[in-house]
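Asks: Just passing along the structure, written as structure tokens.
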Amino acid sequence: MKMRLGAPALELKGLKRALSQQKTRLYIIRRCVAMLITWHD
């Protein structure tokens, strides 16, 4: 992978986006699990 000017910033941007997507997914899964647990009661 060749390093060009501005490449690290672009990589960081993509990493941040991926991280936020992962956070959202985790949040949704947690909400679903919580709903299932409360529904069982």
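Asks: Using θ = phi - 60° and the Karplus form 6.51 cos²θ - 1.76 cosθ + 1.60, what ³J(HN,Hα) does each residue of the stretch 9-22 get, whole Hz, x for Gly and Pro?
Replies: Per-residue couplings from phi come out as 5, 5, 4, 5, 4, x, 5, 4, 5, 4, 5, 5, 5, 4 Hz.
Asks: 7 Å from Cα along Cα→Cβ at both Tyr27 and Leu12: what's the point-to-point distance in nm?
Replies: 2.3
All of the numbers you see were taken from the coordinates with simple rules; none came from a lab. Note that the structure is predicted; figures quoted are calculated from it, not measured. A quick note on method: Cβ atoms are made from the backbone with ideal geometry, for glycine too, and the neighbour counts reach across all protein chains shown.
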